[in-house]
Amino acid sequence: MTAEDDSTWLIELESAILDGCTPQEINAITKGKKIPESLRPDVWLVCLNCHDMGNQLLMFDEIFDLTNQNELRDNVKKFVRKLDNDDDEKLSVISDIESILTFYCKSRSITYASNNGWIEILYPLLSLKLPRSDTYNMFERILKLYIPNGCTSNGVPFHILRLIIQYHDPELCSFLDTKRITPEQYCMPWLKSLFSGTCNLEVVLFMWDLYFQRSDPFFIFFLCLIMIINAREQLLQMKNEDKATIVQILSKMPSDLEANDVSDFCSLAHYYSLKTPVSFREDVLEVLFSESGLEINSKLYSQALCLPVAVHELIESATVDVADADAVKFFLVDCRPAEQYNAGHLSTAFHLDCNLMLQEPNAFTTAVQGLLNSQRQALAAGSLAAGEHLCFVSSGRTEEDSYAHMVVASFLKKNIKHVSMLDGGFVAIHDYFGPHMTDCLEEHNTSVCLVCAPNNNNNDNVVQQSVNKTRDNIPAIQLFSKLSSAMKAKSQEVKGKLIEYIVNPNSNVNNGDWHVSANDRKEQRYRNVPPVFSINDEDEDTHSDYRRDSNTDNIDEIVELQSFLKSQHVVDNFSCQEVLSNGYMFDSYLVITETHLVILREIPNKKGAVKVLSRRPLSTIVKITAKKRHPELITFKYGVPDGDNLLIKDMDRFLIPNAAVATKIVSNQIVSQLDNKLQ
């Protein structure tokens, strides 16, 4: 290619700018190339839509009287001192930055705060040598369009970034979680300044060239993702390093980026953006870049087990052309109980009964192996059933969803990539199809389906309201007809290859209640003492485990396991797994002493050492409950008598192989304590 041919795109770009082009048209012309300095100001003004904003600084009274004006001025001077400009230029930069920030605060009646990224954002803009009014307009647009809401401690953007890291690299995410390293500890400046506070100017200018042309504010999260994944090998080898060292390494990674790396860096980010469910990106865009001013509920994302997918994306993916390499294609896993699956399901779904995990662990392992093998075979054959992305469908009902979460957590623990859950579960699918469900669901039985007939359920659970977002502009009849034929075509392949792996639980499950014997309870001896415990079918209470795992400021009590178990006050101990409400399970020990129930958790990479999670006084145990269908899943509920009722204040849940013996010993020890008190 000659130099003349190579410069053709520049002539085309210059002409397009004069004709009033769009950012998308600029992107099509540049194709990832670096914008020349002479054209960059015009390109950015177009991409940020600043041409019709006028000179807002005409309203500035040039009075610098913010309540923390001195703090602002000191921050600006401190930043400018680090620059290579000569003294005259530095004075000009200081004046421009202080004027722009002062007017911005006064015009919006907001207070300036240090370390908010504003100064760092302004510096690349000032390098364009534009009139101050244009610089101000671009600064205002960047803050409005590209800086996520909630960049504060425990903010939503950081929970969202963690979900994205987990989706694409669960092993790396698990490593950072184990070290208790959250994204906010290393990437706060990345998001607040769009990397301008951590990368050199040449890198920032090229990165922003590509970023603004995309007109996609969410793209910053994929840039952060690539920054982290790029260092995964180095990070995974730091298992013996302390948290502070790893955070420091992560924080400084952007400073190593060179201008020659930017094009590849952004191309990789683009690739990962294509491999992320679109519905998730669309939903969080509304949360992160909305001007509504509504308070964001961070728990929706901080407590999410994995990345959620909207029902419309899952269903429409059934019609995606297999040859479309960029499309996210799902391998659907329906993990509802067998009786619910048999009352109606999508024909494309692999059935993995969540009850198997507790009832028949060996059958569950076989089924999982079959699922993964079938997924690999379908991908290798390029079949209609192929999908790199596993999407789990729960019932959308509280009771079964806790078991579905355990299943999903087991896949994440295996470091399986691209794991998601359908937002709203089967209820969302049911509501999405509406009157067309007969064409799109297989074996749908309205008299048995728990969404159609919730009163058929023997439990007291109420079907949750669907949270799906059905799009009103879909021509329903044509779409559902297309979906129906596509799904049935897929179904033949799915059933042909997967039938040998579909394992249903044994229907002859012991449904009997557990009760402590009358002799153990001794309720009649203590007529004026309310019953302090009972063992029966488990109620569905909110399971609170956030107290222990979310507070990283507590000083952990670490003990040597065998020494602790040999203590003279220890009555017995049981190896078990603690089950959190989000489905995660941790290898633990339940230790019964004369007066307490002590919970110990094993520490990864520290053989023989355990962490003391809590010491529960036996006197606070008011209920011990077990599931009829899962008698090894035990919940201890703590509280106090409240008149004729019990006030439950907290609870712990465990999977105990020898549950009958464990609960017997705990109940006997409680009775023993009561006897001692009354003597």
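Figure legend. Inter-residue proximity from the range 110-121: first residues within 13 Å of Trp190 (Cα to Cα), second residues in a loop (DSSP other than H, G, I, E, B) and among the hydrophobic types (A, V, I, L, M, F, W, C), beta-carbon distance below 7 Å, spacing 6+ or different chains. Indicated pairs: Ile121/Leu194.
Could you go through the range 582-590 and let me know if any residue there is modelled with pLDDT of 90 or more, in a strand (DSSP E or B) and hydrophobic (A, V, I, L, M, F, W, C).
Our first condition is that a residue be modelled with pLDDT of 90 or more; within the range 582-590, this holds for 588-590.
Subsequent filtering for residues that are in a strand (DSSP E or B) retains 588-590.
Subset that is hydrophobic (A, V, I, L, M, F, W, C): 590.
Yes, the range 582-590 contains at least one residue that is modelled with pLDDT of 90 or more, in a strand (DSSP E or B) and hydrophobic (A, V, I, L, M, F, W, C).
Within the range 231-275, restricting attention to residues that are among the polar types (S, T, N, Q) and over 24 Å from Ser193 (Cα atoms), the residue that is surrounded by the fewest Cβ atoms within 10 Å (Cβ to Cβ) is Asn240.
Identify, please: which residue in the range 594-650 is of a type in the set (Val, Ile, Thr) and not in a strand (DSSP E or B) and is, among those, farthest from Pro337 (Cα to Cα)? Full working, then the answer.
Going residue by residue through the range 594-650, those that are of a type in the set (Val, Ile, Thr) are 595, 598-599, 603, 610, 612, 620-622, 624-625, 634-635, 640, 648.
Cutting the leftovers down to not in a strand (DSSP E or B) gives us 595, 603, 620.
Working: Thr595: 40, Ile603: 33, Thr620: 34 Å.
Across the range 594-650, the extreme among qualifying residues is Thr595.
Residues in the range 561-576 that are within 20 Å of Thr663 (Cα to Cα) and either out of contact with any Phe, Trp or Tyr (no Cβ under 8 Å at 6 or more places or on another chain) or crowded, with 18+ Cβ neighbours inside 10 Å (or both): His569, Val571, Asp572, Asn573, Phe574, Cys576.
Is at least one residue of the range 82-102 outside the structural domain of Gln237 (by TED's automatic domain parsing), of a type outside the set (Gly, Ala, Ser) and closer than 28 Å to Val284 by Cα? Give the steps one after another, and end with the answer.
Taking the range 82-102 as the starting set, the residues that turn out to be outside the structural domain of Gln237 (by TED's automatic domain parsing) are 82-102.
Keeping just the survivors that are of a type outside the set (Gly, Ala, Ser) gives 82-91, 93-94, 96-98, 100-102.
Then drop every residue that is not closer than 28 Å to Val284 by Cα, which leaves none.
Checked the range 82-102: no residue is outside the structural domain of Gln237 (by TED's automatic domain parsing), of a type outside the set (Gly, Ala, Ser) and closer than 28 Å to Val284 by Cα.
Answer yes or no: is there a residue in the range 230-239 that is more than 24 Å from the chain's Cα centre (by Cα) and closer than 21 Å to Tyr146 by Cβ. No, the range 230-239 contains no residue that is more than 24 Å from the chain's Cα centre (by Cα) and closer than 21 Å to Tyr146 by Cβ.
Condition check ((1) assigned by TED's automatic domain parsing to the domain that holds Thr135; (2) part of a helix (DSSP H, G or I); (3) without any contact (Cβ under 8 Å) to a residue 60 or more places away in the chain) across all residues:
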site	(1), (2), (3)
Glu12	yes, yes, yes
Gly20	yes, no, yes
Ile26	yes, yes, no
Gly32	yes, no, no
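Just to be sure I understand, how many residues within the range 178-217 are assigned to a helix (DSSP H, G or I) and within 16 Å of Val43 (Cβ to Cβ)?
First, the residues of the range 178-217 that are assigned to a helix (DSSP H, G or I): 178, 184-193, 201-214.
If we keep only those that are within 16 Å of Val43 (Cβ to Cβ) as well, we get 204-214.
Qualifying residue count for the region: 11.
Pick out, from the range 45-163, the helices (runs of 4 or more DSSP H) lying fully within it that include 2 or more residues that are polar (S, T, N, Q).
Output list reads 69-81, 87-108, 132-146.
Which of the residues spanning the range 78-110 are among the basic types (Lys, Arg) and surrounded by 15 or more Cβ atoms within 10 Å (Cβ to Cβ)?
Going residue by residue through the range 78-110, those that are among the basic types (Lys, Arg) are 78, 81-82, 90, 106, 108.
Selection gives Lys90, Lys106.
Read through the list (1) under 21 Å from Ser410 (Cα atoms); (2) among the β-branched types (Val, Ile, Thr); (3) over 33 Å from the mean Cα position of the chain (by Cα), then give the number of the only condition that Ile656 fails. Ile656 satisfies every listed condition except (3).
Take the range 226-241 and flag every residue that is among the acidic types (Asp, Glu) and part of a loop (DSSP other than H, G, I, E, B).
Restricting attention to the range 226-241, the residues satisfying the condition of being among the acidic types (Asp, Glu) are 233, 241.
Within the range 226-241, just Glu241 meets the criteria.
So that you can scan it fast, the table gives a plain yes or no per residue for (1) at pLDDT below 95; (2) hydroxyl-bearing (Ser, Thr, Tyr):
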position	(1), (2)
Arg132	yes, no
Met138	no, no
Pro148	yes, no
Thr152	yes, yes
Gly155	yes, no
Ile164	no, no
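I'd like to know if the range 417-428 contains one or more residues that are at pLDDT below 85, over 24 Å from Ala363 (Cβ atoms), surrounded by 15 or more Cβ atoms within 10 Å (Cβ to Cβ) and within 29 Å of the chain's Cα centre (by Cα). No. Taking the listed residues Ile624, Ile648, the one that is touching a Ser or Thr at 6+ places or on another chain (Cβ under 6 Å) and among the aliphatic types (A, V, I, L, M) is Ile624, with no other qualifying.
I'm trying to understand the selection: among the residues of the range 605-627, which are touching a residue at least 60 places away in the same chain (Cβ under 8 Å) and in contact with a strand residue (DSSP E or B) (Cβ under 9 Å, 6 or more places away or on another chain)? Answer for the range 605-627, where residues must be touching a residue at least 60 places away in the same chain (Cβ under 8 Å) and in contact with a strand residue (DSSP E or B) (Cβ under 9 Å, 6 or more places away or on another chain): Leu613, Ser614, Ile621, Val622, Lys623, Ile624, Thr625, Ala626, Lys627.
The values are calculated or read from the model by the stated rules, or taken from the named source; none is laboratory data. Keep in mind the model is a prediction, meaning the values are calculated, not measured. Counting neighbours? That spans all protein chains shown, and the Cβs are built from the backbone with ideal geometry, glycine included.
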